[in-house]
Amino acid sequence: MIERQTNWLVTLGRKTALEKVAHLLLELFERLRMSGLTYGQQCAMPLTQMEIADLTGLTPVHVNRTLQVMRTRGLVELQAKWLRIPDLRALRQAAALRTQGMAA
């Protein structure tokens, strides 16, 4: 857990907007999964675009555009406060994360 947080902090300034948002959504999904709060490849999405912007250091407009790109690429589906990740591996690649460090 500490390694994951350190990785997030150290690389936050070097990631693209898509990498930042993808990493945040993966982190949220993984933490909810560890708590038994996911349903297959989906979970509740408690964060607003404003909160995502605050957490990633992006503007809300940039977050909105980034999420649109992610939807278009099929990386995430967001609907009615629910996040669905059709392909975890693809989202991990988009986040520029090593796959061995995270459970599938």
Q: Would you please give the FRET efficiency between residue 30 and residue 65, computed as 1/(1 + (r/R0)^6) with r the Cβ-Cβ distance and R0 = 22 Å, to the nearest 0.05?
A: 0.35
**Q.** Computed Kirkwood radius, in angstrom, where 1/r is averaged over Cα pairs of segment 2-94
**A.** 13.4
Q: Starting with the highest mean, order 18-25, 34-41 by the number of other Cβ atoms within 10 Å, averaged over the residues of each peptide.
A: 18-25, 34-41
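Rule-based calculations on the coordinates, nothing more; no lab input. The structure displayed is predicted, hence computed values, not measured ones. Cβ sites come from the backbone with ideal geometry, for glycine too, and all protein chains shown count toward neighbours.
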